[in-house]
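Written out below as structure tokens is the structure these notes cover.
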Amino acid sequence: MSDLTFEQMLEESFKTIHSGEVVEGTVIDVKPEEIVLNIGYKSDGILTRNEYTNEPNVDLTTVTKVGDKMEVKVLKVNDGEGQVLLTYKRLAAEKGNKRIEDAFNTQEILTAKVTQVLDGGICVVVDEVRIFIPASLVSDVYEKDLSKYAGQEISFVITEYNPKRRRYIGNRKVLLVAEKEEKQRELYERIHEGDVVEGTVKNITDFGAFIDLGGADGLLHISEMSWGRVENPKKVFKVGDVVTVLIKEIAGNKIALSMKFEDANPWKDSAVKYAVGNVVTGKVARMTDFGAFIELENGVDALLHVSQISREHIEKPADVLKVGEEVTAKVVDFNEADKKISLSMKALLEPEKTEAAEEEEDADVVDVDIEAVIAQENDAE
């Protein structure tokens, strides 16, 4: 017969545990702020919210349930109240450290949710390891406001691993640069001068618009936006517009674009429409001291020189014309090669009579004595 008491035998039936030991437990109770586990020891193990995760205000009833099994690490065998204090996050962090080390060595692409946005960057957590991504490595372009990344899942690689200082640095920029280079390579293999493609307006300046072609940007210069005159690109386009453009030239990594499609070229039939001698109508588009430019149609302007406005002397066109006014004039010169047309309003006026012409008209006039003619008619009767 054993000399041990029941209490002694019961105690011997439980395993011995030590601080730092990794044990497996079964969840026997869950509260929002703590989990109670049966770890096969004489006392139950207590896992608090702070030792479960670094994420604040997590309701533990939403992450586990009674009957679940968990691997945990012993922090204290006796917390002073006979309970065993456990940690899940520290064990996960140890495992995470190995995971991060492997990812650093192999440059594995990791994906995680952004848990915190700071002034100098953002933070993500991988297997309970907090990784910092500096603002300069978040994107391949400068971004002043990083708040849009809060809660987003992002991909990155580990570029610095220092477990002694608990310093883990991630880099998202390198992935974006590599992705952009690959898209650019594919784009340049696909496109050729003369191709018509779709793009998205990315940026607008006073001299043109930059169009994202899906791998590289092309420049749509203000002079190539229309056959007509464009005064300000910002009045024609807005960022995000989808446009159809012609690839005019590819020079190295520079792409010149155009929206002046040949089938819409207003000069295509101009030799017939604006032949010398034709009478045309247009609107005054702009004026200088030497003449007015008349828009005959979108993309076709003609010069009405100040000397061709009237027979009378005019100092400057603005004295008799105004922008937007409709005028009719005769084509007096047409140069298709240089796309130049000259007009004259004066040519439509009747020519002035010279003194010689007036004398000739007077010589043709016959004086008639009306009374004598009447008398002759009466005698004949």
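The values are calculated or read from the model by the stated rules, or taken from the named source; none is laboratory data. Keep in mind the model is a prediction, meaning the values are calculated, not measured. Cβ sites come from the backbone with ideal geometry, for glycine too, and all protein chains shown count toward neighbours. The protein model used for the area step is the full one, side chains on, heavy atoms only, and it has no ligands, DNA or RNA in it. Shrake-Rupley method; radii C 1.70, N 1.55, O 1.52, S 1.80 Å.
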Less than 14 Å from a label point 7 Å out along the Cα-to-Cβ axis of Arg165: which backbone N atoms in region 117-139 qualify, by residue? 132
Gain on full stretching of the segment that runs from Asp127 to Glu55 - 0.36 nm per residue minus C-alpha separation: 24.7 nm
When the chain is treated as a Gaussian network with springs between alpha carbons less than 10 Å apart, the largest mean-square fluctuation among Val201, Val320, Val157 is found at Val320
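Take the Cβ-Cβ distance between Gln116 and Asn232 as r, set R0 to 45 Å, and report the resulting FRET efficiency rounded to the nearest 0.05.
Working from the Cβ atoms, E equals 0.55.
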Over all directions, what mean area does the Cα convex hull of the chain project, stated in square nanometres? 42.5 nm²
Under a Cβ-only charge scheme (Lys and Arg +1, Asp and Glu -1), can you give me the dipole magnitude of the chain about the Cα centre, in debye to the nearest 20? 4280 debye
Calculated over region 59-184: convex hull of Cα atoms, volume per residue (Å³): 164 Å³
Expressed as a whole number of Å, what is the distance separating the alpha-carbon centroids of region 132-152 and region 68-94? 36 Å
For the chain, built as a Gaussian network whose Cα springs stay under 10 Å, the top-fluctuating residue of Ala251, Ala112, Ala292: Ala251
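In units of 2.2 N^0.38 Å, what is the alpha-carbon radius of gyration of region 119-221?
1.40
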Helix 370-380 against the longest principal axis of the chain: what's the angle in degrees, Cα atoms only, rounded to the nearest 10? 60 degrees
With θ taken as phi - 60° and the coefficients 6.51, -1.76 and 1.60, list the Karplus ³J(HN,Hα) couplings across region 292-300 in order, rounded to whole Hz; mark glycine and proline as x. 10, 9, 9, 7, 7, 6, 4, x, 10
Could you check how many percent of all C-alpha pairs in region 14-109 are farther apart than 22 Å? 32 percent
If you look at just the Cα atoms of region 42-85, how large are its Rg and its Dmax in Å? 11.5, 31
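Within region 74-178, report the trypsin sites (Lys or Arg not before Pro) that DSSP leaves as loop and that have at most 14 other Cβ atoms within 10 Å.
Lys144, Lys164, Arg165, Arg166
For region 172-256, what is the charge dipole size about the Cα centre, in debye to the nearest 20, if Lys and Arg each add +1 at the Cβ and Asp and Glu each add -1 at the Cβ?
Charge dipole of region 172-256: 340 debye, to the nearest 20.
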As a test of the formula, what do you get for the chain when each DSSP H run with n ≥ 4 contributes -39,500 (n - 2.57) and the sum is divided by the residue count, at 222 nm and rounded to the nearest 500 deg cm²/dmol? -5500 deg cm²/dmol
For region 241-333, which GluC sites (Glu not before Pro) pass both filters: DSSP loop (anything but H, G, I, E, B) and at most 16 other C-beta atoms within 10 Å? Glu312, Glu315, Glu325
Given points 7 Å out from each Cα along the Cα-Cβ axis, report the Thr48 to Leu175 separation in nanometres with one decimal. 3.5 nm
What distance in nm lies between label points placed 7 Å from Cα along the C-beta direction at Val141 and Lys65? 4.7 nm
In what order, largest first, do Glu182, Glu81, Glu24 sit by accessible area if the probe radius is 1.4 Å? Glu81, Glu24, Glu182
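What translational diffusion coefficient, to the nearest whole µm²/s, does region 241-287 have by Stokes-Einstein, given a Kirkwood radius computed over alpha-carbon pairs, a temperature of 37 °C and 0.692 mPa s viscosity?
The diffusion coefficient I find is 229 µm²/s.
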Most mobile of Ile255, Ile122, Ile309 per a Gaussian network model of the chain (Cα springs, under 10 Å)? Ile309
Of Val239, Val320, Gln152, which is farthest along the charge dipole of the chain in the positive direction, counting Lys and Arg as +1 and Asp and Glu as -1 at C-beta? Gln152
Could you work out the relative contact order of region 46-123, using alpha carbon pairs under 8 angstrom and six or more residues apart, expressed as a whole percent? 26 percent
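Hey, what did region 87-152 get for relative contact order, percent, Cα under 8 Å, at least 6 apart?
Result for region 87-152 is 29 percent.
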Hey, rough spin-label estimate for Trp267 and Glu312, points 7 angstrom out along Cα→Cβ, what's it come to in nanometres? 3.7 nm
Taking every pair of alpha-carbon atoms in region 217-325, give the share separated by more than 21 Å as a whole percent. 52 percent
